Amino acid sequence: MPGEESRTISGRLARNSVILLVARLASASAGMVVLPVLYGRLGEREFGIWAMLTGLVALAGYADLGLGSAQTREVARAVDLGRHRQARAVMAVGVLWGGCLGILALTGTAICWPWLAPVFHLGDLATPARDAVLVLLLGFLLRNLALSWRAVFEGTQHYGPIAVIDAGTAVASAALTVVVAMLGGGLVALAAALAVVDAGRALTVVIAARRHAPTLTPSLRCLRRSDLRETFGYGVRIQVTNTAAAINNETDRLVLAGFFGPSAVAGFEPGSRLANLLRLLPVFALTAMFPAAATVAASGDSARLDRLHIGMTRYLTTFAMVGAAVMMVTADPLVRLWLGHPVPFAAVTVALLAPGYAVHLASAPARVVTRAEGYPGAETRYALLSAGLNVVLTLPLLRVLGMRGVPLATTLAVAVATAYYFGHVHRKLARPLAPVLHAMWPPTLAASVAGSLTWLAAPYLPGGADRAGAALAAACQGALTVCLAALILVLLGYFDAHDRARLRTALTSLRKPNSTTRLTASGDRPTAPLEAPRHDTVDAAQDGR
């Protein structure tokens, strides 16, 4: 029965989304545990070099020519349309390019290192840093070779094994890193630990994929010239967005290392990690929104699509703006709570990056809707404009403001690009902009006022210099910011009867876990199963090393 099949698919995809979210949280938690240990054991300068080296490896990962998505798409087509030959051919291309990219990164780094070391002010640590990055790139090569088999799980929508492998290797990597650091291991030993984990993950993925779908294996004998044209034609568009993501997400560390040395990176890294937590949870809501938007867009019901867009914009903007305000006012106690002592540039980085991440999140519903309507080019323009502005603004701002100019350039670039994106999309699609602005300005105003009042009141709130005092200060300041923002929104009449009804429905669903009711942000029931999209945007790269 079609309805029964839809419910089965919907249930499977919902479970997959939850599994992926849990794996993402596990990976992020492991990273949060490791960082203060490394910071304390390595020291500021060596930790800054480690963060820069892992950033270099992450930067190389963006040059996949879009083959990650291309392989997943072909595997999905093989399942739905029986295109096994094409899938095996594209997987073979993925293996070849993954191996070539890893070898190019290894040889290029080894050849260029005599010029790179003085640029990044490595000094007496240049040799161990070179050895460490080469070992890290060896692990990167092994990961690349396994990506084709990873696409087997993603293309067949069996995310459970991948989530388990990712979470397990993240925990194993964290544990091994902590052990090596506690035993006094340096850069090379840490890199070797990560390379061992990478090798284990690659081997596990290949074995699991071959058991799951033995007919889906890479094969050069299946490759035809038409496969190359189609694959690279599809992948190049994604590579453009990936390049913009690389500029936005990874180059700040390299700029700071080049102009100010590794110690600046040591302050930026924990601040960037903390600010990035703001974007962790909304991924689940956006994953659920895309299929609902695609279904409504396919039905041609523009009014309903607008309601979905505005509803999600209201909720996501409220979360993003209030969350950013909390992070900004609690930046210093959060850093002290995490690292055990003040790191001024880390707190500054949190305060400067959080508004940019909030603006980026607020634009996410519009980006999802444009994808659903078949207009992904607008998002590519957005990513390119943001990356271009980041490059243009970074140099003058760092000359005027020093290290602070680097994260500030990222936030300003995102803000300007987002304003352009809203104007361009609404003009292109002939949609009024006023309803979106009406949904966004109250939480933005409430968060700004609440954050400012809390910042003024912070000296009079409880706190202390140790970790317990930092936890108390963060809790008091964060709670005050949230309460003030909620009060302002209530006074503005921002929450209506529909919001209260949705809250009651959500509470009822929590009390009745077997309930099958699912509501979209517009209050309508989705008419098709939820489908977890694959997004190759700037968000994808933030899950970290």
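Structure notes:
- Any hit, the range 374-395, residues being of a type in the set (A, V, I, L, M, F, W, C), closer than 26 Å to VAL326 by Cα, at pLDDT below 90 and open to solvent by less than 20 Å² (accessible area, probe 1.4 Å): no
- GLY155 falls short on exactly one of the conditions (1) open to solvent by less than 30 Å² (accessible area, probe 1.4 Å); (2) of a type outside the set (Val, Ile, Thr); (3) at pLDDT 90 or above, and that condition is (3).
- The range 24-37 residues that are open to solvent by less than 40 Å² (accessible area, probe 1.4 Å), paired with ones that are at pLDDT below 85 and not in a helix (DSSP H, G or I) (beta carbon under 7 Å, 6 or more apart): ALA28/LEU280; GLY31/GLY544
- Unique residue being in contact with a Pro (Cβ under 9 Å, 6 or more places away or on another chain) and of a type in the set (D, E, K, R) when the list is ARG336, ARG404, ARG399: ARG336
- The range 346-368 - residue that is part of a helix (DSSP H, G or I) and among the hydroxyl-bearing types (Ser, Thr, Tyr) and, of those, most open to solvent (accessible area, probe 1.4 Å): TYR357
- Annotation note: of VAL152, VAL188, VAL197, VAL171, the sole residue that is more than 28 Å from ALA92 (Cβ to Cβ) and out of contact with any Pro (no Cβ under 6 Å at 6 or more places or on another chain) is VAL171.
- Some residue of the range 86-105 being in a helix (DSSP H, G or I) and closer than 14 Å to LEU53 by Cα: yes
- Hits in the range 396-444 - residues which are of a type in the set (Val, Ile, Thr) and open to solvent by 70 Å² or more (accessible area, probe 1.4 Å): VAL400, VAL416
- Checking every residue in the range 417-435 against the condition of being charged (D, E, K, R) and touching a residue at least 60 places away in the same chain (Cβ under 8 Å) gives at least one match.
- Output for the range 316-345, where each listed residue is open to solvent by 40 Å² or more (accessible area, probe 1.4 Å), under 20 Å from PRO407 (Cα atoms) and assigned to a helix (DSSP H, G or I): MET328, ASP332, LEU334, PRO344
- Failed criterion for ARG130 (all others in (1) open to solvent by less than 40 Å² (accessible area, probe 1.4 Å); (2) modelled with pLDDT of 90 or more hold): (1)
- Restricting the range 192-201 to residues that are touching a residue at least 24 places away in the same chain (Cβ under 8 Å) and buried (at least 18 other Cβ atoms within 10 Å of the Cβ), the residue that is farthest from ARG45 (Cα to Cα): ARG201
- Reported count of residues in the range 176-222, each being part of a helix (DSSP H, G or I), under 21 Å from TYR39 (Cα atoms) and modelled with pLDDT under 90, is 0.
- Figure legend. Inter-residue proximity from the range 449-461: first residues part of a helix (DSSP H, G or I), second residues of a type in the set (Lys, Arg), beta-carbon distance below 9 Å, spacing 6+ or different chains. No pairs are indicated.
- Checked against (1) closer than 25 Å to ALA208 by Cβ; (2) surrounded by fewer than 18 Cβ atoms within 10 Å (Cβ to Cβ); (3) within 28 Å of the chain's Cα centre (by Cα), ARG85 passes all but condition (3).
- Whenever a residue of the range 208-230 is hydroxyl-bearing (Ser, Thr, Tyr), its partners that are surrounded by fewer than 17 Cβ atoms within 10 Å (Cβ to Cβ), lying with C-beta atoms within less than 9 angstrom and at least six residues away or across chains, give the pairs THR217/ARG210; SER219/ARG85.
- Within the range 163-191, tally of residues that are without any contact (Cβ under 8 Å) to a residue 24 or more places away in the chain and among the β-branched types (Val, Ile, Thr): 2
The values are calculated or read from the model by the stated rules, or taken from the named source; none is laboratory data. Since we're looking at a predicted model, the values are computed, not measured. No Cβ is skipped: glycine too gets one built from the backbone with ideal geometry, and neighbour counts run over all protein chains shown. Only protein heavy atoms, including side chains, enter the accessible area calculation; ligands, DNA and RNA are left aside. Shrake-Rupley method; radii C 1.70, N 1.55, O 1.52, S 1.80 Å.
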